[in-house]
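Please treat every number below as a calculation from the coordinates, not as lab data. The shown structure was predicted, so the numbers you read here are calculated from the model rather than taken from an experiment. Positions of Cβ are generated from backbone atoms using ideal geometry, with glycine treated the same way; all protein chains shown enter the neighbour counts.
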Amino acid sequence: NAGVTQTPKFQVLKTGQSMTLQCAQDMNHNSMYWYRQDPGMGLRLIYYSASEGTTDKGEVPNGYNVSRLNKREFSLRLESAAPSQTSVYFCASSEARQGFQPQHFGDGTRLSIL
Amino acid sequence: QKEVEQDPGPLSVPEGAIVSLNCTYSNSAFQYFMWYRQYSRKGPELLMYTYSSGNKEDGRFTAQVDKSSKYISLFIRDSQPSDSATYLCAMRRGGGADGLTFGKGTHLIIQP
């Protein structure tokens with residue numbers, strides 16, 4: 001009963017390095033999301049994918065790219081990491097029907113950029 | 001002004017007390033209102049949700065939404081040390097695949 005699985009759990013990068021954060025869900029959900037959580041800022045939406053084959057920008061997309069690889073997997077890429085991208089990154093998934101559909105979160109990737 | 005305001009705390013209360021957590025918001029288009037609980041080094045988990053105005057009760061938890069005041073609350077009765085966590089309010093405009101807008105979260109400590 002895995003739900004939403006994020007890898008890796010921790011990572012340290014140097015400024016300018018690139019990295020891809022992986023997310024997979026086993027609930028057959030259509031929609032997937034990437035958020036970042038910073039002290040004093042709450043969670044902010046980076047990108048989301050309403051369904052397989054579509055992606056849209058959220059509140060803070062600059063410096064990131066995403067790929068919806070298939071229905072299960074949604075990856076987040078940092079092409080040239082900057083210290084301002086030090087954060088905890090959460091992936092979430094949900095159904096995409098009308099009405100309320102809860103978002104289920106993974107346990108996060110803690111990323112430090114030196 | 002942020003769309004959703006939430007006092008980060010910490011809020012420290014003795015075991016058994018009634019806890020009141022609150023958020024205010026500025027966007028009148030929000031229709032779905034949620035409370036998530038987040039333990040240290042874990043992802044948020046949904047506690048309760050409410051559509052539009054009104055109250056909803058689930059065990060020791062009660063969620064209230066007052067859209068006229070743009071104010072939402074979560075009450076925890078008979079608080080337990082295991083309730084110690086960060087509580088995040090979240091909101092969404094409509095159904096479908098919209099992302100959530102979160103408050104900063106309130107760090108709650110229940111003292112045994």
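Quick one: longest stretch of chain A between exposed loop trypsin sites (Lys or Arg not before Pro), exposed meaning at most 11 other C-beta atoms within 10 Å and loop per DSSP? Provide the component values of the computation, followed by the final result.
Details: sites that count: A:Lys9, A:Lys14.
Longest gap between qualifying sites, sites excluded: A:15-114.
If you take all other residues with their beta carbon under 13 Å from the beta carbon of B:Pro14, and give Lys and Arg +1 and Asp and Glu -1, the sum is -3. Across the stretch A:27-38, coupling constants 3J(HN,Hα) worked out from phi with the 6.51/-1.76/1.60 Karplus curve, θ = phi - 60°, read 9, 6, 7, 7, 9, 9, 9, 10, 10, 10, 10, 10 Hz, and Gly and Pro carry x.
In terms of distances greater than 19 angstrom between alpha carbons, the cross-link table entries A:Lys9/B:Lys42; B:Lys2/B:Lys67; A:Lys9/A:Lys71; B:Lys2/B:Lys70; A:Lys57/B:Lys42; B:Lys2/B:Lys104 yield A:Lys9/A:Lys71; A:Lys57/B:Lys42.
In a shell of Cβ-Cβ distance under 10 Å around B:Arg41, excluding B:Arg41 itself, what net charge do Lys and Arg (+1) and Asp and Glu (-1) give? Please list the in-between numbers first.
Numbers: positive: A:Lys9, A:Arg110, B:Lys42; negative: A:Asp107.
Net charge in that neighbourhood comes out at +2.
How about the stretch A:19-108: which GluC sites (Glu not before Pro) there lie in a loop by DSSP and see at most 12 other Cβ atoms within 10 Å? Here the GluC sites (Glu not before Pro) that fit, given the DSSP loop and packing criteria, are A:Glu79.
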